[in-house]
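**Q** The structure under discussion is supplied below as C-alpha cells; questions concerning it will follow.
The values are calculated or read from the model by the stated rules, or taken from the named source; none is laboratory data. Model, not experiment: these values are computed from the prediction. Cβ placement follows ideal geometry from the backbone for every residue including glycine, while neighbour counts extend to all protein chains displayed. SASA here: full protein model, heavy atoms, side chains in, ligands and nucleic acids out. Shrake-Rupley method; radii C 1.70, N 1.55, O 1.52, S 1.80 Å.
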Amino acid sequence: MDDPNAYFESRMPWREANKRILGALEARRLRAALFVCGKRVDQPGAKGLVTEWDDAGHLICNHSYSHLMFSDPAISYSEFAADFLRNEPIIAPYRQRTRLFRYPFLKEGDTTEKRDRFRSLLKEHQYNVGHVTIDASDWYVDQRIRERIANDPQTKLDPYRAYLIAHLLNRAAFYHKLSLDVLGREIRHTLLIHYSFMNALFLPSVLDAFDQAGWEWIDADRAYEDPIFQRAPQILPAGESLVWALAKETGKFDDVLRYPGEDDGYEKPKMDALGL
C-alpha cells in the first residue's frame, strides 16, 4: 500500500482510516508493505500514523520524500537520489523498516544513465526494488468518489465499490495471464493499492472478492521472496509493472502492452459512461 497520508480526506481522519485498513488486514492475519512518501507524513498532525502500522508488524518501506517522476527529463539523477536519501530518516526509526524502494508512479528513469546509476545507488544502500506485478488505477477511482461526494454528500457508494472491484480483478487477470505467457510459471504477485478514503471503506470487500475469484492472499515479505523480484528489465523508458517490463523486454508482446501500463485515461471514459 502506497502513500499513507494524514490529510487525504476531511470526512475521515487518518486515525479512522488506519483503524479500518489495519483492521481489515488483521482480520486475515495479513502483513502488508507500506511504502512511505515522506512529505505526506512529515508533519505534526501525522504523528503516530506510520507507528500504528509498524506496531502491527507491517513492512515500512521507502517511497521517496517528494514523489518525483523519474521519467521526467527535468528530474536529474542527482535530484532523485537526494530525494530518496531524504526519506531515509523518516522511516529509519521503525522496527519493521525494510530496505525496499518503490519508484513513484513506477517510473524508473527515461535514460540508461539515470536508470542504471540509481539502481547502483540502491545496491550501495542494500535496497531491493519493491516491484508491483499487478498495477492498477485505484487512485483514480478514489479521486472520482471524493469529487462526487464533495458535490453530493448523499452519493451512493455501492456503484463505486463494484467498479473498483471489477477494475482490480480485471487488471489482476491481465497481469496473471501475462506473467504466465512471459515466464511460463506461477509467481507470487504484488498488488498496487493506495492508502485512501476509498480503500478505508472498501478494502474488506476487495479482499473478499479476490478470495471468491480464486486468489490466495499472502504476506508481503513472502511475496518478495520470489526470485522474480530480483529481475531488472533493460527497457526504456524504465519502469511500469515488473511483469509489464519483462514482457516489453522480450519484444514479443507489443500487441497487448499499452503505455503507460495503467493510467486515469483508460478508466475515465468507462466511469463517465456509468455516471460515476
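**Q** Is at least one residue of the stretch 151-161 without any contact (Cβ under 8 Å) to a residue 60 or more places away in the chain, under 17 Å from Leu246 (Cβ atoms) and either among the charged types (D, E, K, R) or in contact with a Gly (Cβ under 9 Å, 6 or more places away or on another chain) (or both)?
**A** no
**Q** In the stretch 27-37, which residue that is touching a His at 6+ places or on another chain (Cβ under 8 Å) and more than 16 Å from Arg99 (Cβ to Cβ) is least open to solvent (accessible area, probe 1.4 Å)?
**A** Cys37
**Q** Mind counting the residues in the stretch 232-259 that are of a type outside the set (A, V, I, L, M, F, W, C), under 25 Å from Leu100 (Cβ atoms) and touching a residue at least 40 places away in the same chain (Cβ under 8 Å)?
**A** Selection size over the stretch 232-259: 4.
**Q** Here's a follow-up. Tell me, which residue of the stretch 105-153 that is basic (Lys, Arg) and over 18 Å from His67 (Cβ atoms) is most open to solvent (accessible area, probe 1.4 Å)?
**A** Looking at the filtered set, the residue picked out is Lys123.
**Q** Could you grab the pairs with beta carbons closer than 8 Å, sequence gap of 6+ or different chains, first residue in the stretch 72-88 and free of Cβ contacts under 8 Å to residues at least 24 places away in the same chain, second one open to solvent by less than 80 Å² (accessible area, probe 1.4 Å)?
**A** Ile75/Leu68; Ile75/Met69; Glu79/Leu68; Asp83/Ser64; Asp83/Tyr65; Asp83/Ser66; Asp83/Leu68
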